[in-house]
Amino acid sequence: MTAVAEAPVAGAIPSFQVTLRLRRFNPETDTEPRWEDHTVTMHGTDRVLDALHKIKWEIDGSLTFRRSCAHGICGSDAMRINGRNRLACKTLLKDLELHKPITVEPIKGLAVLKDLVVDMDPFFEAYKSVLPFLITSGNEPSRERRQSPEDRARYDDTTKCIMCAACTTSCPVYWSDGQYFGPQAIVGAHRFIFDSRDEGAEQRLEILNDRDGVWRCRTTFNCTDACPRGIEVTKAIQEVKRALLFRRV
Amino acid sequence: MSGGRARTPGRPPSQSEGSTFVPKAPAGTLYRGREGMWSWVAHRVTGIGIFFFLFAHILDTALVRVSPEAYNEVIDTYKNPIVGLLEVGLVAAVVFHAFNGLRIVLVDFWSKGPRYQKHMFATVLVLWVVLMVPFTIRHLSHVFGG
């Protein structure tokens, strides 16, 4: 019986104190965003999202942020954690430097509506403008459209996008030039441009050849570092640039 | 080509909420970018620095067409320790800009470039140090050694 009693100790998860420094903004009362610190007791298995939940549910219910699935698929909770764009649900607290406060800010380059919530409309508009859907001509085939594994592999990386905006809002060009399509829209276009079944590549390449298109990219690689799905975003953008330069998809 | 493309500008943000308040993007902390971002920042800073040098350089060199004596006089004023230190900065900027420029060319035109950009940036820094250390020693010994 003693073994049973000891079992919880062996499996105990270490707990620690962690301070979150949140960038807060209430449009009804604040004129400027402000920093607010909260110290909570968390466990080694907790993520930044769990800490935000704890603060919202136990300390201050007015804390506002987006999250849906909480498992890195929906792309709702992109935020700037310790100065870098991350998904709160995929960032383990134990991986951060816990001896100093963890800063949590809204993603840059989009208007803040409240606390960590930004206006995503310009982001989705940019995505829509690259025609992110299958374009074909002629009659629909009576069976599925076949594709070789090699052809499928060409755009495999860019199919992983969850549209969290971590890449687009990590881009220095996007911060200073709101007209730039941004990395995500180019990733969305790449996914169809290099799809052998799609016939809209020319159209999309023309759209991205715009002065606010791929040529704005300065290869800072912030997008590649920020992507929670591990997409090589800059590489995808460079492939679109080369497709434009050499007119070869 | 942007004909018929209904693209709403990124900013100013949509005001569909009906409030009179204008939300804005706050600066917050500095974005903690990595090698790629800082190499880009350094490339811009060195590029602008070299531009201003060339601006002055074209003017002082053009002076030789006006009068060789005036040219000599101006060049003589450069022979002091402050300009000597600025020259180290100039060479440092040119060497970095040149090597990082080659890295950017490879990122743009070599299909594996984006994947190896960090390695290439490390190479740029190594080459920069390897060239700058002997140059700085030799140059400053001229400047301060007479």
Given the structure, is residue A:110 assigned to a loop (DSSP other than H, G, I, E, B), in contact with a Pro (Cβ under 9 Å, 6 or more places away or on another chain) and among the hydrophobic types (A, V, I, L, M, F, W, C)? yes
Search result, residues across the stretch A:224-249 that are over 19 Å from residue A:193 (Cβ atoms) and of a type in the set (Gly, Ala, Ser): A:226, A:230
Anything in the stretch A:147-204 that is in a loop (DSSP other than H, G, I, E, B), acidic (Asp, Glu) and free of Cβ contacts under 8 Å to residues at least 40 places away in the same chain? List them, or say none. A:156, A:177
Does residue A:15 satisfy the condition of being within 21 Å of residue A:166 (Cα to Cα) and hydroxyl-bearing (Ser, Thr, Tyr)? no
Are any residues in the stretch A:48-89 under 19 Å from the mean Cα position of the chain (by Cα) and small (Gly, Ala, Ser), and if so, which ones? A:68, A:70, A:72, A:75, A:76, A:78, A:83, A:88
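No value in this document is a laboratory result; all are computed from the given coordinates. Computed from a predicted structure; not experimentally measured. Neighbour counts run over all protein chains shown; Cβ positions are idealised from the backbone, glycine included.
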